[in-house]
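Visitor: Have a look at this one.
The values are calculated or read from the model by the stated rules, or taken from the named source; none is laboratory data. Here the structure is a predicted model, which means the values were calculated and not measured. Every residue, glycine among them, receives a Cβ derived from its backbone with ideal geometry; neighbour counts consider all protein chains shown.
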Amino acid sequence: MRRGAKMRSAYLFAKYPREKPLSEPKHDDTFKVVDRRLFTPEGEFRKDVAEQQDREHESTSSVSAAQAARNAVPAKDPIGAAAKPAPASVQPAASTAKRSPAFENLVRSLGQNAAMLLGGYADPRTGQPMLDLEGAREMIDMLDALREKTMGNLAPEEDTLVLDILGNLKLAFMEMTKAAAAAAMPQEKAKSRP
């Protein structure tokens, strides 16, 4: 070891003395290992863990409710008069959700594909409208399932977008189904005549 390195290490040890020798065990209560598995090694359900999780969930929800109540306290405006009273209930999750452009693009894409299958767009090769009622029904069902699964988690604008697109597509599907049935009637009559 060089002389300069020895002097630096001696200086550091003198400046920052150790409070405890390294050989003494460290007793720190801030670190605790808790087994949170729901089942014992034998495969039986551990009730104590489930009860602990329920207590933690209740305390978390009560803390978030207290924060929401604290945020809802009316503030005074600059003039000093009292502001409007706070609403009596906490706003639902749908009104606090943020818009997602990716979700809106997904909904629009599914809607355009369904509209294309309903004859809303012309086939680029032939110039004729494409009509695939079964494919359109599948697309509409996908949008319906997406709406069901995201119920309560959408921003108001997203919810309105999904409902508008679904309503328009279902109406167009019914009209096209009736038109296809009406077009098939004269053909069936022509086939049945000898």
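Visitor: Filter segment 94-125 for residues that are hydrophobic (A, V, I, L, M, F, W, C), surrounded by 10 or more Cβ atoms within 10 Å (Cβ to Cβ) and modelled with pLDDT of 50 or more and give the result.
Guide: Correct list: Ala97, Phe103, Leu106, Val107, Leu110, Ala114, Ala115, Met116, Leu117, Leu118, Ala122.
Visitor: I've got another one for you. What are the residue pairs meeting all of these: first residue in segment 133-147, first residue free of Cβ contacts under 8 Å to residues at least 24 places away in the same chain, second residue crowded, with 17+ Cβ neighbours inside 10 Å and assigned to a helix (DSSP H, G or I), Cβ atoms under 6 Å, and 6 or more apart or on different chains?
Guide: Gly135/Leu117; Arg147/Val162
Visitor: If you take the residues of segment 137-161 that are among the small types (Gly, Ala, Ser) and exposed (fewer than 13 other Cβ atoms within 10 Å of the Cβ), which of them is modelled with the lowest pLDDT?
Guide: Gly152
Visitor: Next up: I'd like the full set of residues that are among the charged types (D, E, K, R), under 15 Å from the mean Cα position of the chain (by Cα) and farther than 10 Å from Arg99 by Cα, limited to segment 138-158.
Guide: Arg147, Glu148, Lys149
Visitor: Let me ask something additional. Please list, ordered by first then second residue, the pairs with beta carbon atoms under 8 Å, 6 or more apart or interchain, first in segment 162-181 and crowded, with 17+ Cβ neighbours inside 10 Å, second basic (Lys, Arg).
Guide: Close Cβ pairs (under 8 Å, with a partner that is basic (Lys, Arg)) amount to Val162/Arg147; Ile165/Arg108; Leu166/Arg147; Phe173/Arg137.
Visitor: So, of the residues in segment 118-145 that are assigned to a helix (DSSP H, G or I) and touching a Phe, Trp or Tyr at 6+ places or on another chain (Cβ under 9 Å), which turns out to be nearest to Asn168 (Cα to Cα)?
Guide: Filtering segment 118-145 down to residues assigned to a helix (DSSP H, G or I) leaves 133-145.
Next, only the ones that are touching a Phe, Trp or Tyr at 6+ places or on another chain (Cβ under 9 Å) stay: 133, 136-137, 140.
Working: Leu133: 15, Ala136: 12, Arg137: 13, Ile140: 10 Å.
Checking each candidate, the answer is Ile140.
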